[in-house]
Amino acid sequence: MPIYEYRCKTCGHTFEELVSGGEVPACPVCRSAETEKLISRCCCHYGSSGDSGAPVPSGGCSGGCAGCSGGSCATCGH
């Protein structure tokens, strides 16, 4: 099941949820069913210079995951 990012139209809370099929999750804060799926930023991960010759971007990856803006993140470890 994929993880999608949603925003509650009622309270504005943003959250991630595992969903299957066309399921639309309720907001975990206010329990409203009025949620919208967001387009999440993706991040590419490169190996270090010692990993099978994979390129290492200068300055790191700035894309981040859905829960952070890139760099070192205590939540996801990126």
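The values are calculated or read from the model by the stated rules, or taken from the named source; none is laboratory data. Everything quoted here is computed from the prediction, not taken from an experiment. As a convention, Cβ positions derive from the backbone with ideal geometry for all residues, glycine included, and neighbour counts pool all protein chains shown.
Tabulated data for the structure shown
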item: Residue under evaluation residue 62, criteria (1) at pLDDT below 95; (2) among the polar types (S, T, N, Q); (3) surrounded by 13 or more Cβ atoms within 10 Å (Cβ to Cβ), criterion not met; result: (3)
item: Members of segment 1-26 found to be under 15 Å from residue 39 (Cα atoms), among the acidic types (Asp, Glu) and either touching a His at 6+ places or on another chain (Cβ under 6 Å) or free of Cβ contacts under 8 Å to residues at least 24 places away in the same chain (or both), listed by number; result: 17
item: Of residues in segment 1-19 being of a type in the set (Ser, Thr, Tyr) and not in a loop (DSSP other than H, G, I, E, B), the one modelled with the lowest pLDDT; result: 4
